[in-house]
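The values are calculated or read from the model by the stated rules, or taken from the named source; none is laboratory data. As the structure is a prediction and not an experimental result, all values here were calculated from the model. Cβ atoms come from the backbone with ideal geometry, glycine included; neighbour counts cover every protein chain shown. In case anyone asks, the SASA skips ligands and DNA or RNA and just uses the protein heavy atoms, side chains included. Shrake-Rupley method; radii C 1.70, N 1.55, O 1.52, S 1.80 Å.
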Amino acid sequence: LRRRLAEAEQVNEALTKGQIDAVVDAAHQVPLLLRQAQDALRESEERYRHLFESNPHSMWVTDRETIRYLAVNDTAVASYGYSREEFLSMTLADIRPPEDRERALASARSGQRGPRSVGVWRHLRKDGSRIEAEVSMQDLDWEGHPARLVLAHDVTERQQLEEQLRQSQKMEAVGRLA
């Protein structure tokens with residue numbers, strides 16, 4: 001902003017001194033500066049899109065009002081078995097078991113804002129199998145709409161191993177009592 005004000009003052013001074021060539025020079029620089037800013041913005045958007053698309057955990061963006069998917073990353077497509085187009089025609093409720101849908105909808109529509117972890121949720125894959133996903137989310141603006149960025153970390157295997165350990169410990173305790 002300070003640089004722009006200084007440039008404007010230089011142009012104004014050149015005009016008052018009748019130095020029209022300096023004003024024309026400054027006018028020719030504006031499109032170049034604008035193009036450089038647009039290029040930098042495009043590169044930044046591409047870097048962030050790559051971070052989203054290549055994240056090793058399932059991620060998606062949903063509309064906060066309709067809870068429809070607006071974007072999904074490659075890991076979500078691979079992990080859940082839905083194509084990107086199928087995801088984009090669905091809502092969050094579609095990947096929840098029927099018994100969890102009301103609670104999931106209430107959580108999705110809660111007034112909570114800011115980054116937060118919402119715990120472990122059951123999700124359904126396209127083939128009907130269930131996974132346990134540790135879910136974190138952050139509200140954001142997506143193309144002018146209130147949206148939510150969600151990261152779902154599949155913890156199914158970890159939970160199965162924890163359950164096996166608990167069962168093993170129970171069996172060991174029973175064995176010691178006998």
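Here the dipole of the stretch 102-178 is about 260 debye; that uses its Cα centre as origin and unit charges on the Cβ of Lys and Arg (positive) and Asp and Glu (negative).
For the stretch 28-98, the residue among Leu41, Ser58, Ser79 whose Cα projects farthest onto the positive side of the dipole built from Cβ charges is Leu41. The 1.4 Å probe gives accessible areas that order Asp154, Asp127, largest first, as Asp127, Asp154. Placing +1 on the Cβ of every Lys and Arg and -1 on the Cβ of every Asp and Glu, with nothing else charged, gives the stretch 64-104 a dipole about its Cα centre of roughly 120 debye. Ranking Phe52, Phe87 by solvent-accessible area of protein heavy atoms (1.4 Å probe, all protein chains present), from largest to smallest, gives Phe52, Phe87. Where does the stretch 79-176 land on Rg/Rh, using Cα atoms and the Kirkwood Rh? On the Cα set of the stretch 79-176, Rg over Rh gives 1.09.
In the complete set of protein chains, residue-level accessible area for Met171 is approximately 130 Å², probe 1.4 angstrom.
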